[in-house]
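Remarks on the structure that follows.
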Amino acid sequence: ERQKGMIVARGFNFRTPFGPGFEYLHSFDFLGPSTLLHILKKKSKDKDKKKKKDKDKKEDKAGNLNDQCGKYGFIRVSEKFHKQDEFRAWLSEHKSIDYGVVSGRDRDELWAEYVEDFNTTTLPHQKFYDLAAWENSKARKKHEKMLKRRDANNFVGNDEELRAQELAKERQAKATKDYASELTAMSLQHQAKEKDAMAKILEMAMLAKANQQ
């Protein structure tokens with residue numbers, strides 16, 4: 001529906017009559033031309049902001065790439081005997097290509113691709129920059145892990161040994177205590193026997209004295 005100086009939109013999915021490229025308007029009852037123009041300008045600004053944001057992201061990505069370039073140094077395409085171990089590992093593991101079956105021309109093209117990725121620091125793995133350093137680092141980490149495992153096992157072994165020593169000390173202490181108790185009991189029994197013997201001797205002496213009188 002239309003009224004003079006006014007655009008009427010009822011319901012849903014009403015497209016503005018100002019040409020293609022505008023979004024749908026939803027659930028507006030009475031929308032004047034000035035209000036509609038304000039909304040369209042706002043949407044245009046939002047699109048401009050989105051474009052600027054996407055552009056900034058691309059520039060940041062490009063900046064990060066530039067910062068990474070040459071991180072591991074630079075090599076020339078002409079230096080075909082440089083980084084050969086890394087190049088062959090890259091061919092085998094990343095490209096799934098056997099170095100021995102590649103023709104000279106294809107090998108040169110692959111080498112040029114490797115050099116470009118090396119210089120821009122975009123190779124898929126650390127080993128392809130310096131294979132020897134990566135293998136040494138891997139071996140060192142493996143050795144450190146083995147030492148930690150050994151230390152952990154030794155700690156468990158030492159802990160068990162200490163526990164065994166503690167149990168032995170406890171048993172020794174108990175045995176010593178029991179022996180002391182036994183000695184004490186034997187001493188008391190011996191004292192009681194001596195006391196009885198002395199009492200009998202005293203009694204016999206008193207009887208002998210009485211008989212003499």
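Just so you know, all these numbers are worked out from the coordinates, no wet-lab data involved. For clarity, every value in this text was computed on a predicted model and none was experimentally measured. Positions of Cβ are backbone-derived with ideal geometry, glycine not excepted, and every protein chain shown enters the neighbour counts.
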How about LYS50: which lysines have a C-alpha closer than 29 Å to its C-alpha, ignoring those fewer than 8 places off in the same chain? LYS41, LYS42, LYS58, LYS61
Given R₀ = 35 Å, FRET efficiency for SER92-LYS53 by Cβ-Cβ distance, to 0.05? 0.25
Run the simple label-point estimate for LEU162 and LYS145 please: 7 Å along Cα→C-beta, distance reported in nm. 2.9 nm
How far apart, in nm, are the 7 Å Cα→Cβ label points at ALA210 and SER103? 14.1 nm
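What net charge do the residues around LEU188 carry, taking every other residue with its C-beta under 15 Å from that of LEU188, with Lys and Arg at +1 and Asp and Glu at -1?
Numbers: positive: LYS193, LYS195; negative: GLU182, GLU194, ASP196.
Overall, the nearby charge balance is -1.
Which of the pairs LYS80/LYS145; LYS177/LYS200; LYS83/LYS138; LYS71/LYS142; LYS52/LYS127 have their Cα atoms more than 28 Å apart in this structure?
Values: LYS80/LYS145 37 Å; LYS177/LYS200 35 Å; LYS83/LYS138 19 Å; LYS71/LYS142 26 Å; LYS52/LYS127 38 Å.
Too far apart for the 28 Å limit: LYS80/LYS145; LYS177/LYS200; LYS52/LYS127.
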Nitroxide proxy distance, nm - points 7 Å out along Cα→Cβ at ALA185 and ALA199: 2.2 nm
